[in-house]
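Some notes on the structure that comes next.
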Amino acid sequence: MKWEILKLEDLYRGFFHLRRLRLSHGRFEGGEPMVIERELLDRGHAAGVLPYDPVRDVVLLVEQFRVGAIESPHGPWLMEIIAGLMDAGERAESVARREALEEADCRLDELVHIHDYYSTPGSSSERISLFVARADLGEAGGIHGLADEGEEIRVHVLPAEEAFDRLDRMQVDTAMTIIALQWLRLNRDGLRERWGG
């Protein structure tokens, strides 16, 4: 089916870019195209990575304040995987490695690509590349992040089974983290065999 942008208007340009689009698109049942108006948050693309130590069978999660979760019954400090936005021309794997150093002072070994997906395609153009990475987490921990980006990030190293238990008890409530932990739960034995765990 065909679609066409009829009008494009910038509403806001800052850390994020908000645009209003008037567009038309074909209908499943045929006939005249449907004309709609939508706001689109253009925040760029992102990469996320779950560091996993197959020898110790532990994962690294980070905890930080998230403004979007200020009404959460659990509070606005969320346990998440490491993630960050891609700079122009940057590869997703490079973002994962850069963010692991910035957010957790963690060096990653081999990365395994889990999936690429749109986070909220009804209102945002963001596409996320998701990875799990082999890492030695024996010395991991502490508080990290970039002060000039307003980051204060606490590192947690958890046994994989404890992370899965938190997932089952709904103590993990961000999509990226849920997907990564569920993938690890399904593929952990194969990763440990491949990575010598």
Requested in this report: Under 1.5 on a/c is rounded, so check that first for the range 38-197, then, if it is not, pick prolate when a/b is larger than b/c and oblate when it is not; a ≥ b ≥ c are the square roots of the alpha carbon gyration tensor eigenvalues.
Outcome: rounded
Query raised in the report: Heavy-atom accessible area of MET86 with all protein chains present, probe 1.4 Å, nearest 10 Å²?
Result: 50
Report summary line: In nm, the gap between the two label points placed 7 Å beyond Cα toward Cβ at HIS74 and HIS25 is 3.1
**Report entry** Whole-Å distance, taken between Cα centres, linking the range 22-43 and the range 59-116
**Finding:** 33
Report summary line: Of all GluC sites (Glu not before Pro) in the range 55-124, the ones in DSSP coil with at most 16 other Cβ atoms within 10 Å are GLU71, GLU90, GLU110
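Can you tell me the length gained on complete extension of the stretch ASP136 to ILE178, counting 0.36 nm per residue apart and subtracting the Cα distance?
Values: separation 42, 0.36 × 42 = 15.12 nm, distance 2.21 nm.
Full extension of this stretch gives 12.9 nm more.
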Report summary line: Among GLY31, GLY122, GLY68, the residue with the largest mean-square fluctuation in a Gaussian network model of the chain built from Cα contacts under 10 Å is GLY31
**Report entry** Share of pairwise Cα separations in the range 50-117, more than 21 Å, in percent
**Finding:** 35
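With the Cα gyration tensor of the range 137-181 giving a ≥ b ≥ c as the square roots of its eigenvalues, does the rule (a/c under 1.5 for rounded; else a/b larger than b/c for prolate; else oblate) give rounded, prolate or oblate? The partial results should precede the final answer.
Details: a/c = 2.89, a/b = 1.52, b/c = 1.90.
Oblate, because a/c is 1.5 or more while a/b does not exceed b/c.
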Query - Mean accessible surface per residue for the chain, computed with a 1.4 Å probe while every protein chain stays in place, in Å² - result: 59
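Given a 1.4 Å probe and every protein chain left where it sits, what share in percent of the accessible area of the chain is carbon and sulfur? Don't jump to the answer; show the numbers that get you there.
Working: 5850 of 11680 Å².
With neighbouring chains kept in place, the figure for the chain is 50 percent.
How charged is the neighbourhood of GLU80? Take every other residue with its Cβ under 10 Å from the Cβ of GLU80, and add Lys/Arg as +1 and Asp/Glu as -1.
On the way: positive: ARG66; negative: GLU63, GLU103, ASP173.
Combined, the nearby Lys, Arg, Asp and Glu give -2.
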**Report entry** Around GLU152: net Lys/Arg minus Asp/Glu count, Cβ-Cβ under 13 Å
**Finding:** -4
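The values are calculated or read from the model by the stated rules, or taken from the named source; none is laboratory data. The model shown is predicted, which means the values in this text are computed figures rather than measured ones. Glycine also receives a Cβ, built like all others from the backbone with ideal geometry; neighbour counts cover every protein chain displayed. Areas reflect the complete protein model, heavy atoms only, side chains present, ligands, DNA and RNA absent. Shrake-Rupley method; radii C 1.70, N 1.55, O 1.52, S 1.80 Å.
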